Amino acid sequence: MLPPFSLKEYYSMRILIPALLLFIAPLGTVFSQSVIYGRTVDLSTGNIISLATVTNLNKGKSVVSNYSGRFSIAAEAGNLLVTSYSGYDFDTIRVTPQMINDTITIQMNVLGTMLPTAVVTGHTQYSSYQLDSMERRLQHASLLNKKNLKAIDGPVEGSGFGVSFSLDRFSKHEKQKRKAKELFEMMEEEAYINYRFDDGKVSEYTGLKSADLVEFMNLYRPGYNWLRKHIEEEDVVDYINSKLKAYRKIPGNKLKG
């Protein structure tokens, strides 16, 4: 038989046990977090694609791959990851349990050409983002208008790792087409952020290079709605400068750049 508790011991335990629970609970949260590690490469050449943007559409979180093409992003099974980079088609991956805490390779495909020659040769009136966007929209519309499209659940040859942005799997019914269009617009929003908040501009106004530049861009990536409300170049420059001040206050960052 256990000896009886004294009144003092009883109250000590009442204080100690809740304190231990508060300590253990955050640990459980930390250990339950899942991360996907990966790298971004060109499908045809295998060359590294640095500063590609990988977005978890379910969590609304984006990261930029480093100069080795490597990245890590929080994700759970069933989440949809989208990768984008200037001059390349979107690539999407549906996260499987096997991918969690593992390393994947995302093979990105160079954006095809469906635009009329006159538009491409007269590109001086359009930015590279606008040309890419027009190209993607043409391909998107072409895929949605195809008949008897085959549903896709896994990798597609020549499309990169995982489920490609072919939209075939969404195209059987009008409801699925609407979902495909919504998904496409979400991808385009990420591409617009990449265009306005590009590495060249950020590096020019911060003086940051390499790993520091990637860290800054991951920490302070602006939102799509904010950028649409602040359409002037000066707005983005002011944003970068204000975030640079915050970045300098992080211990160890004062002398960076």
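Table for the structure above
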item: Hz values of 3J(HN,Hα) by residue in the range 192-205 - Karplus curve (6.51, -1.76, 1.60), Gly and Pro given as x; result: 5, 4, 4, 5, 7, 10, 8, 5, x, 5, 5, 5, 4, 8
item: Tyr37 versus Arg70: modelled label distance in nm, points set 7 Å from Cα along the beta carbon direction; result: 0.7
item: Fully extended contour minus Cα-Cα distance, from Asn253 to Asn58, at 0.36 nm per residue; result: 67.1 nm
item: Distance violations [Cα-Cα > 25 Å] among Lys177/Lys229; Lys181/Lys243; Lys181/Lys209; Lys61/Lys249; Lys181/Lys201; result: Lys177/Lys229; Lys181/Lys243; Lys181/Lys209; Lys181/Lys201
item: Taking the C-alpha atoms of the range 197-257, convex hull volume expressed per residue in Å³; result: 73
item: Full-extension gain in nm, Glu174 to His230, via 0.36 nm per residue minus C-alpha separation; result: 16.7 nm
item: Nearest-0.05 FRET efficiency for Glu182 and Ala211, computed from C-beta distance (R0 45 Å); result: 0.80
item: Charge sum, other residues only, whose C-beta stays under 13 Å from Thr105's C-beta, Lys/Arg counted +1 and Asp/Glu -1; result: -1
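Values in this text are rule-based calculations from the coordinates and carry no lab data. Since the model is a prediction, treat every value here as computed from it, not as a measurement. Every residue, glycine as well, gets a Cβ built from its backbone with ideal geometry; the counts of neighbours run over all protein chains shown.
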